[in-house]
1. Could I get the Rg over Rh figure for the chain? Both from C-alpha atoms, Rh via Kirkwood, rounded to two places.
2. Divide, for the stretch 209-294, the radius of gyration over alpha carbons by 2.2 N^0.38 Å, where N is the residue count.
3. Need one number: % antiparallel among DSSP beta bridges in the chain, to the nearest 5.
4. Using alpha carbons only, how many angstrom separate the centre of the stretch 345-367 from the centre of the stretch 380-401?
5. Using a 10 Å cut-off on Cβ atoms, rank the peptides 92-103, 34-45, 219-230, 318-329 from the highest mean neighbour count down.
6. Choose one answer from 50, 356, 308: the residue with the largest mean-square fluctuation in a GNM of the chain with alpha-carbon springs under 10 Å.
7. To the nearest Å, what is the center-to-center distance of the stretch 129-192 and the stretch 206-220, using C-alpha atoms only?
8. Considering only 90, 291, 335, give the residue with the highest GNM mean-square fluctuation for the chain, with springs between Cα atoms whenever their separation is below 10 Å.
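Throughout, read-outs are computed from the coordinates displayed, never taken from laboratory work. Everything quoted here is computed from the prediction, not taken from an experiment. All Cβ positions, glycine included, derive from the backbone under ideal geometry; neighbour counts span all protein chains shown.
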């Protein structure tokens, strides 16, 4: 071992001794007896939080929740819910689940779970109570508009798959596909949607709209396979760690599922991480036209490192990612080919921009001018959606990329691969 290595090792031991001294002093002198495991967890959490916004410590419960989120399936009831006036409101039941089979309806209000009032619970706490092992039962008390008395409904939990892909026929001849997150079900859902829409529309199919707006990201592998669905060849993304030899390149395989049809990708300030990988790959290969506003700008990769049974896991930033053209979008975002700003209601104008990666404290720096965020508002009614209208016009030939308003000159364009949700002004419905 050289002198430099010995000095580094000695310094590490000095730091560990300092930590041990502080730990023992807190254990012996704090005014109340502390919980040793909580002290250690807090120390680890503090260590990770000092790195960047996406590195963190997950305790055992948070780690389990993350695994459920990325798997996209869990034991539950099959309803998407949100919080309204301290009560749980049903956004929609998921088809062919215990909730839909029991007749649970959109806008139902859930007031009690197994006789316990939901008033005072957070949305996450209520969702946690509704989830559970497959085959177990739970009783809901429901208030329904137009029904005089509350309804008591007992449901048996079943295996629920989160729908990360939704699709519809747009304007009679366009395949519209909305991807809300990148979990283990996303590529499968995308392939099914493409096949179903091709069968529904037939020979008159003009092209595809892939809506990645306000998609916070997810799994790198799913971003790669989704991108591959539209490409015949070429690099999709490269990731580079601390050392140059750690560079990894992911490439496409032959087989464009859309058979070369035109593709429009919608992005905005809430499109982050894995969404930016897909958008960047398709833009760099000129396989898609990007419409909307500049994306979030999360150009880093996180690795999940389990710490053993019951000890949670580390979410550690281990690499940056680069688009096929070699550009990093870290703290800059992807600039769309055509910028489209939505008409925002006056009461929302102060709350419709996502601040972006560059606004996060401790974010990884990038060369050149960093960008602090962009509009993330999506009108609830499709007829008011100017970006969607632009995509329709492009696919119908009413407008061309050259005739539409181009986006400001791009200083960089890329994508990311892990999953820290971008800042959102709206409460996202929770499936359970």
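1. Details: Rg = 23.9 Å, Rh = 23.7 Å.
Ratio value, two decimals: 1.01.
2. Working: Rg = 12.9 Å, N = 86, 2.2 N^0.38 = 12.0 Å.
Relative to the rule-of-thumb radius for its length, the stretch 209-294 sits at 1.08.
3. On the way: 52 of 69 bridges.
Here the antiparallel bridges make up roughly 75 percent for the chain.
4. Using only Cα atoms, the two centres lie 26 Å from each other.
5. Result, highest mean Cβ count within 10 Å first: 219-230, 318-329, 92-103, 34-45.
6. 308
7. Between the Cα centre of the stretch 129-192 and that of the stretch 206-220, the gap is 19 Å.
8. Highest fluctuation among the options: 90.
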